[in-house]
Amino acid sequence: MQRPDWIRVKAPVSVEYQNTQRLMRESKLNTVCEEAACPNIGECWSKKHATIMILGSVCTRACAFCNIKTGRPDLLDPHEPERVATALSTLGLRHVVITSVDRDDLPDGGATHFAQTIGAIRRTSPETTIEILTPDFLRKPGALEIVVAAKPDVYNHNLETVPRLYATVRPGARYFHSLNLLKRVKELDPSIFTKSGLMVGLGEEKTEIYQVMDDLRSAEVDFLTIGQYLQPTPKHHPLLRYATPEEFKAYETMARGKGFHMVSASPLTRSSYHAEEDFKELRTAREKVISF
């Protein structure tokens, strides 16, 4: 299937991109930008925006859409939280996104490591706002509470697709568990913004996307992202169609009508794409609701 013009991006060549890449190498940090082959890496790294991936580079799950390595996970690095904080301080980031691989092998799924990383960033860069994108912590009682207690500014967990496709797209996950995780964040700390994302092009129907929007609003999720699925390799889930920019605009209009404070829907939208700008808009939107 030929890739349409609206999904094409320029190759990363800027000096700023190279500087960000060098810092990640020197700090021995993984980024989901590289590991997941994100199409926006050139633009984001040129602006010194990077999504740090903690807990190693090998995932214990094998989601059909994801390009991150699957297998025996890395040993947990106890010094990683401080290295992340030091690198972010060097970059001078005002907003940072921290994600991870799934670590089903760990008793808490990596929750304590997330909390330690948040704490290290708070000590080194107290003005930096922190967005996290976590695994589902399936069968890890108490893990979510550990992360929420560390008080990230934004808690993101992606549903990724519609319930009907979970068995083929996210075989190790459970739709309603992920939905309830997002709802539980709000129950534990209503001040934390919640966020989730979907991909299109996997075989979903528009009505199914609309139902997921309703489910997310029932869970009081503030921010929704919708982007185009891009098949990483022939062994991954097939790409069934490209949604047009007009379709993404229609999704955005529908989502805003359903009450999301913030919506980002476009072919190149990813969870952390334009995260800093979107966070500012999200915070402003909530302040308007409170003042009203």
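Some points to look at:
This table checks each residue for (1) at pLDDT below 70; (2) not in a helix (DSSP H, G or I).
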{"position": "Gly42", "(1), (2)": "yes, no"}
{"position": "Lys48", "(1), (2)": "yes, yes"}
{"position": "Arg61", "(1), (2)": "no, yes"}
{"position": "Ala87", "(1), (2)": "no, no"}
{"position": "Ile98", "(1), (2)": "no, yes"}
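- Pair list, Cβ under 6 Å, 6 or more apart: the stretch 119-131 residue polar (S, T, N, Q), other residue assigned to a strand (DSSP E or B): Thr128/Val96; Thr129/His95
- Lone qualifier among Lys235, Lys258 - being touching a helix residue (DSSP H, G or I) at 6+ places or on another chain (Cβ under 8 Å), over 14 Å from Val154 (Cα atoms) and among the basic types (Lys, Arg): Lys258
- Selection count, the stretch 210-222, where residues are within 19 Å of the chain's Cα centre (by Cα) and surrounded by fewer than 18 Cβ atoms within 10 Å (Cβ to Cβ): 2
- Among the residues listed as Arg139, Arg94, Arg123, the single one being at positive phi and either surrounded by fewer than 23 Cβ atoms within 10 Å (Cβ to Cβ) or not hydrophobic (A, V, I, L, M, F, W, C) (or both): Arg139
- Residue that is nearest to Tyr175 (Cα to Cα) [pool: residues in the stretch 100-144 that are outside any loop (DSSP other than H, G, I, E, B), touching a helix residue (DSSP H, G or I) at 6+ places or on another chain (Cβ under 7 Å) and of a type in the set (Val, Ile, Thr)]: Ile132
- Matching residues, the stretch 49-81, being touching a helix residue (DSSP H, G or I) at 6+ places or on another chain (Cβ under 7 Å), within 19 Å of Arg122 (Cα to Cα) and surrounded by fewer than 17 Cβ atoms within 10 Å (Cβ to Cβ): none
- The residue pairs whose first member lies in the stretch 184-198 and is more than 20 Å from Glu160 (Cβ to Cβ) and in contact (Cβ under 8 Å) with a residue 24 or more places away in the chain, whose second member is surrounded by 24 or more Cβ atoms within 10 Å (Cβ to Cβ) and among the small types (Gly, Ala, Ser), and whose beta carbons are closer than 8 Å, counting only pairs six or more residues apart or on different chains, do not exist in this structure.
- Flag if Leu182 is hydrophobic (A, V, I, L, M, F, W, C), in a helix (DSSP H, G or I) and in contact with a Ser or Thr (Cβ under 8 Å, 6 or more places away or on another chain): yes
To keep it simple, each residue is scored yes or no on (1) within 16 Å of Arg170 (Cβ to Cβ); (2) surrounded by 15 or more Cβ atoms within 10 Å (Cβ to Cβ).
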| site | (1), (2) |
| --- | --- |
| Leu224 | no, yes |
| Gln231 | yes, yes |
| Thr244 | no, no |
| Glu247 | no, yes |
| Thr253 | no, no |
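- When residues in the stretch 252-273 are screened for being of a type in the set (Ser, Thr, Tyr) and more than 18 Å from the chain's Cα centre (by Cα), 1 of them pass.
- Residue ranges of strands (runs of 3 or more DSSP E) in the stretch 193-266 with at least 2 members of a type in the set (A, V, I, L, M, F, W, C) and farther than 24 Å from Ile68 by Cβ: 262-265
The values are calculated or read from the model by the stated rules, or taken from the named source; none is laboratory data. Everything quoted here is computed from the prediction, not taken from an experiment. Counting neighbours? That spans all protein chains shown, and the Cβs are built from the backbone with ideal geometry, glycine included.
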